[in-house]
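Below is one structure, written out as structure tokens; comments come after it.
The values are calculated or read from the model by the stated rules, or taken from the named source; none is laboratory data. Since the structure is predicted, the reported quantities are computational estimates derived from the model, not experimental observations. Note that each Cβ is placed from the backbone with ideal geometry, even for glycine, and that neighbours are counted across all protein chains shown. Please note that ligands, DNA and RNA were not included when accessible areas were found on the heavy atoms of the full protein model with its side chains. Shrake-Rupley method; radii C 1.70, N 1.55, O 1.52, S 1.80 Å.
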Amino acid sequence: MTAVPADAPDVVRSAYAQLAVTDLTAARWFWVGILGFHIEYEDADFLCLRGTDELTHHSVVLRRAAAPALDHIAYRVRTPEDVERAARFFGELGGPVRRVLKGKGTPGVGDAVRTIDPLGFPVEFFYEIEHGERLIQRFDLHRGAEIARLDHFNIATPDIPAAYAHYTSLGFGCSETIEGDAHELYAAWMYRKQTVHDVAFTCGAGPRLHHLGLATHESHKVLRVADVLGSLGKQHHIERGPGRHGVSNAFYLYLRDPDGHRVEVYTTDYYTGDPDHETYRWSVHDDRRRDFWGNAVIESWYKDATPVLDLDGNPQPVADSLLDETAAKVGADGLG
Ligand code: XXG
Ligand code: FE2
């Protein structure tokens with residue numbers, strides 16, 4: 001694990017994302033029925049969802065709204081003092097900093113701080129959260145893709161070096177990158193917990209949410225969810241995969257929920273917790289980097305993403321990407 005810079009909050013992990021969805025019934029079919037999330041809390045406006053391995057209240061929150069969007073991504077910090085540290089850190093960066101008191105924000109979450117980070121993303125930092133019943137060995141309740149936990153956020157952002165610099169200043173390590181001939185950064189994977197990533201950057205118009213990475217334990221769960229969608233005639237929810245990533249080595253499948261939010265069912269990446277863990281660098285010309293078997297990445301995966309909201313619920317303006325990975329000559333991708 002990398003050291004925490006003196007002025008930065010000690011981030012433990014990517015903890016939850018709150019998505020705006022237009023139809024909670026349709027969303028429930030997908031997130032609960034197909035992915036296998038468990039409902040920890042629901043009312044007319046919110047659905048709080050938890051994976052089988054998660055002991056805290058939720059890792060995905062769905063909020064009923066007029067249009068699909070990302071409300072915020074949220075990181076858990078190590079102590080209540082780190083919530084204060086987050087307020088100071090982002091205050092000094094000049095972004096808006098808003099206190100959200102327990103009971104006034106997302107159900108189950110204690111006192112939190114929300115900000116718009118230098119990349120334009122709405123981000124929450126919290127320590128306190130309610131705990132849920134242990135479901136690890138409630139095999140009788142496991143279903144669908146049997147999502148065990150949220151693994152990562154993937155964000156679409158136009159300037160990858162700026163994203164890399166910001167998350168480095170928050171004490172994140174870098175497990176892997178995709179780079180051009182002059183080492184220009186096309187993508188990077190960064191972590192606080194001891195896996196390949198808590199957050200990754202896809203070069204694209206942004207700020208937008210590219211996807212949520214959701215961990216399941218076994219690759220046959222990834223295959224099963226694709227089979228089930230086919231059987232139901234719902235194959236249009238499958239966007240990319242199944243396949244084996246080059247970056248991360250994970251076995252993967254990308255799906256789109258009824259509002260178009262992208263999720264990745266993800267399994268078997270690797271440990272990154274040694275203090276001298278080295279970054280693994282892929283060439284943008286290596287067609288195994290995004291799919292180890294050289295399968296093409298479809299254009300919608302590079303181009304589509306979820307709009308993000310500011311702290312008042314208004315859409316954040318989007319800037320064009322500085323680099324275009326689809327324009328790099330990348331063999332089997334067939335793009336560019
Ligand atoms: O989690 C991931 C991803 O960011 O979704 C994409 C790991 C690897 C990849 S990639 O498409 O680069 O293999
Ligand atoms: Fe991912």
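The residues on offer are V196, V247, and the sole one that is open to solvent by less than 10 Å² (accessible area, probe 1.4 Å), outside any strand (DSSP E or B) and under 30 Å from A87 (Cβ atoms) is V196.
Only one of these is within 16 Å of ligand 1 (Cβ to nearest atom) and over 25 Å from H142 (Cβ atoms): R289, R256. Name it.
Working: R256 fails: over 25 Å from H142 (Cβ atoms).
Sole residue among the options that is within 16 Å of ligand 1 (Cβ to nearest atom) and over 25 Å from H142 (Cβ atoms): R289.
Scanning region 209-237 for residues that are outside any helix (DSSP H, G or I), within 15 Å of ligand 1 (Cβ to nearest atom) and either out of contact with any Gly (no Cβ under 9 Å at 6 or more places or on another chain) or farther than 30 Å from S169 by Cα (or both) yields a count of 5.
Rundown of residues vs (1) over 19 Å from the mean Cα position of the chain (by Cα); (2) modelled with pLDDT of 95 or more, yes/no style:
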residue: S231; (1), (2): yes, yes
residue: I238; (1), (2): no, yes
residue: G260; (1), (2): no, yes
residue: Y270; (1), (2): no, yes
residue: G294; (1), (2): yes, yes
residue: L322; (1), (2): yes, no
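Hey, does region 308-318 have a residue that's open to solvent by less than 10 Å² (accessible area, probe 1.4 Å) and either polar (S, T, N, Q) or farther than 30 Å from R28 by Cβ (or both)?
As a first pass, look at region 308-318 and keep what is open to solvent by less than 10 Å² (accessible area, probe 1.4 Å): 308.
From the residues that got through so far, the ones that are either polar (S, T, N, Q) or farther than 30 Å from R28 by Cβ (or both) too are none.
No - not one qualifying residue is present in region 308-318.
Among the residues of region 209-222, are any surrounded by fewer than 16 Cβ atoms within 10 Å (Cβ to Cβ), assigned by TED's automatic domain parsing to the domain that holds R281, modelled with pLDDT of 95 or more and of a type in the set (V, I, T)? Don't jump to the end; show me each part of the working.
Taking region 209-222 and keeping what is surrounded by fewer than 16 Cβ atoms within 10 Å (Cβ to Cβ), we get 217-218, 220.
Subset that is assigned by TED's automatic domain parsing to the domain that holds R281: 217-218, 220.
Going one step further and asking which of them are modelled with pLDDT of 95 or more, we end up with 217-218, 220.
Narrowing further to those that are of a type in the set (V, I, T): none.
No: zero hits.
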